[in-house]
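Worksheet for the structure shown next.
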Amino acid sequence: MNRTVRWAIVLAILASPSAAIAQQDRGADAAREQTFIDNLRREDPASADRFIALRKAQEQAVAELRRREGQVNAMPPELRGSMLSQLKQAQRNYVDAQVKILDFLDERDRRLIARLQEDIVQVNRSLEDRRRARDELKKLLGDP
């Protein structure tokens, strides 16, 4: 067996576990995303639909960017200049899709923070009400 073949086999063996791990990671990511969407759907079906549309647009932008990158990379270097504007546009579309998802998540988190702050105010009121009730009960017993 020549040296090149041995190296190819070694590289293939080394690459296999990482490919399997990458597939497991994608599976785990997909499961987490589906759980997130299911939770969104329970909270606000319109938000879930909006997130799904944003993710679909992001996936399309990634596919378009990869397609453009493949086209540019397949061209001889001297001809790549003609495709650069299309590649830049695909990059802008990808970034725009990513930013829209981040904006969506920020908006959702801000709403969540506002709800939690309202809950904290209510809990603090309950604590204060119980403190006052406790003080009044102690007065009835004559405890200082």
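Listing for the model above:
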quantity	calculated
Top-ranked residue of the range 64-87 - restricted to ones that are over 20 Å from the mean Cα position of the chain (by Cα) and of a type in the set (A, V, I, L, M), ranked as farthest from Ala53 (Cα to Cα)	Leu79
Test: residue in the range 25-48 that is of a type in the set (Val, Ile, Thr), surrounded by 13 or more Cβ atoms within 10 Å (Cβ to Cβ), in contact with a Lys or Arg (Cβ under 8 Å, 6 or more places away or on another chain) and modelled with pLDDT of 90 or more	no
Single unsatisfied condition, Arg111 versus (1) among the charged types (D, E, K, R); (2) in contact (Cβ under 8 Å) with a residue 24 or more places away in the chain; (3) open to solvent by 90 Å² or more (accessible area, probe 1.4 Å)	(2)
Which listed residue, of Ala61, Ala53, Ala48, Ala90, is within 18 Å of the chain's Cα centre (by Cα) and in contact (Cβ under 8 Å) with a residue 24 or more places away in the chain	Ala61
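Here's the yes/no breakdown for (1) assigned to a helix (DSSP H, G or I); (2) open to solvent by less than 90 Å² (accessible area, probe 1.4 Å); (3) polar (S, T, N, Q):
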| position | (1), (2), (3) |
| --- | --- |
| Lys56 | yes, no, no |
| Ala63 | yes, yes, no |
| Arg68 | yes, yes, no |
| Val72 | yes, yes, no |
| Gly81 | yes, yes, no |
| Gln89 | yes, yes, yes |
| Glu118 | yes, no, no |
| Arg130 | yes, no, no |
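The values are calculated or read from the model by the stated rules, or taken from the named source; none is laboratory data. Just so we're clear, the structure is a prediction, and the values are computed from it rather than from any experiment. Quick reminder, even Gly has a Cβ in these numbers, built from the backbone with ideal geometry, and neighbours come from all protein chains shown. Side chains included, ligands, DNA and RNA excluded: accessible areas come from the protein's heavy atoms. Shrake-Rupley method; radii C 1.70, N 1.55, O 1.52, S 1.80 Å.
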